[in-house]
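Each remark here refers to the structure printed beneath this line.
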Amino acid sequence: MINWKNLLNLFLQSNCPLCQRSTSQELCPNCIRQLQKCHNPNTHSLPIFAWGTYGGILKRAIATMKYENHPEIARLLGQLLGQAWLSHHGCDRTLVVVPIPLHAHKLKQRGYNQATLIAQSFCEVTGLQLKKHGLERIKVTQAQFDLSASEREENLNEAFGLGKDFCLRPKTPVLLLDDIYTTGATARSAMQTLRESGISVYGLVAVAISVKSVNSKHLSP
């Protein structure tokens, strides 16, 4: 007699994008175990709440998600971030989550905004309300990784505008969400746009934070 469940599981197997082992999940169990070791509770203090430090397999997972067309990894990262948030902040649902947007040109090239996908999974876990069009990117910016701190600030000056989800000002504070927090230039620019429109910003959550930023988490514009 055919075991249809086993046959279906076999059909649904794919290769782990990080190690190429066969798996039916976003990542294979071995890579998930390695990834979970990157969790760093010392990065859980606001105004920036990060799941872990940017490096090792966490850095590789984020790069694979963004640059190798593996948006499915965002779901796992959002779940991990959401679980960590709940463990520290409980089920308080008086926040709205706004992902950092991509410019329309970059979104068309990549096909998805990883921050939005992470935010969707994060909100499924936490129960927070998602406003995926709370902000829009109105300025084409350079890639940040080759720029100095001052160049990053200038690159992101007036880069954002209010999106269609905020035609009416939200009554609850905004929690920004991004995949990586490095110098904070992106977050400060986004926060400035919101605050100039009279919208309160609670803080930012990110999957990863750079090592240099762990002890210098300043967000006030």
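The values are calculated or read from the model by the stated rules, or taken from the named source; none is laboratory data. From a predicted model like this one, the values you see are computed outputs, not experimental measurements. Quick reminder, even Gly has a Cβ in these numbers, built from the backbone with ideal geometry, and neighbours come from all protein chains shown. Note: accessible area is taken over every heavy atom of the protein model, side chains too, but ligands, DNA and RNA are not part of it. Shrake-Rupley method; radii C 1.70, N 1.55, O 1.52, S 1.80 Å.
Between Ala104 and Val211, take the C-beta separation as r, use R0 = 30 Å, and let me know the FRET efficiency to the nearest 0.05. Efficiency at R0 = 30 Å is approximately 0.40. For Lys59, the lysines whose Cα falls under 20 Å of its own Cα, not counting residues fewer than eight places away in the same chain, are Lys37, Lys212, Lys217. Working from label points 7 Å from Cα in the Cα-to-Cβ sense, the Val125 to Glu196 distance is 3.4 nm.
What do you reckon, how do Val97, Val211 stack up by accessible area (1.4 Å probe), largest on top?
Working: Val97 0, Val211 100 Å².
Sorted descending by solvent-accessible area, the residues read Val211, Val97.
Atom-type composition of the exposed protein surface of the stretch 75-114 places 51 percent of the accessible area on carbon and sulfur (1.4 angstrom probe).
Of the residues Asp178, Asp92, Asp165, the one with the largest accessible area comes first in the ranking Asp92, Asp165, Asp178, computed with a 1.4 Å probe on protein heavy atoms.
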